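See below for the structure under consideration.
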Amino acid sequence: AALHCGAGLLSVATRAAHVPALLARRPEAMAHGIESAGDLAPLLVRADVLAIGPGLGQGAWGQALFDAVLA
């Protein structure tokens, strides 16, 4: 949605296993394989806007990333 609306620079944080599928569909996105909340920190520092999607799920990984974003 961000690309469709004209975002000039888009980074997507997702599980490493999902990066190839994302890039196959949206090669212009910068996809980052994130396995822990610590991996997310460098992306959060550079971000001007954050969008949190339903893809986080309700497991421990999603909760850790959600908590890192809120912090």
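A search for C-beta distances below 7 Å between a residue of the range 16-27 that is within 17 Å of residue 1 (Cα to Cα) and any residue that is of a type in the set (Val, Ile, Thr), counting only pairs 6+ apart in sequence or on different chains, returns 22/12; 22/14. Filtering the range 8-21 down to residues that are among the aliphatic types (A, V, I, L, M) and assigned to a helix (DSSP H, G or I), which residue is farthest from residue 63 (Cα to Cα)? Checked the range 8-21; the qualifying residue farthest from residue 63 (Cα to Cα) is 21.
For the range 22-35, check the following and say yes or no: at least one residue is surrounded by fewer than 14 Cβ atoms within 10 Å (Cβ to Cβ), over 13 Å from the mean Cα position of the chain (by Cα) and not in a loop (DSSP other than H, G, I, E, B). For the range 22-35, residues surrounded by fewer than 14 Cβ atoms within 10 Å (Cβ to Cβ), over 13 Å from the mean Cα position of the chain (by Cα) and not in a loop (DSSP other than H, G, I, E, B): present. Given the criteria acidic (Asp, Glu), in a helix (DSSP H, G or I) and open to solvent by 40 Å² or more (accessible area, probe 1.4 Å), does residue 39 qualify? Yes, satisfied. Number of residues in the range 42-71 that are open to solvent by 70 Å² or more (accessible area, probe 1.4 Å), part of a helix (DSSP H, G or I) and over 23 Å from residue 6 (Cα atoms): the value is 6.
The values are calculated or read from the model by the stated rules, or taken from the named source; none is laboratory data. Keep in mind that what you see is a predicted model, and the values were worked out from it rather than measured. Ideal geometry is used to build each Cβ from the backbone, glycine not excepted, and the neighbour counts take in all protein chains shown. What goes into the accessible areas is simple: the full protein's heavy atoms, side chains included, and nothing from ligands, DNA or RNA. Shrake-Rupley method; radii C 1.70, N 1.55, O 1.52, S 1.80 Å.
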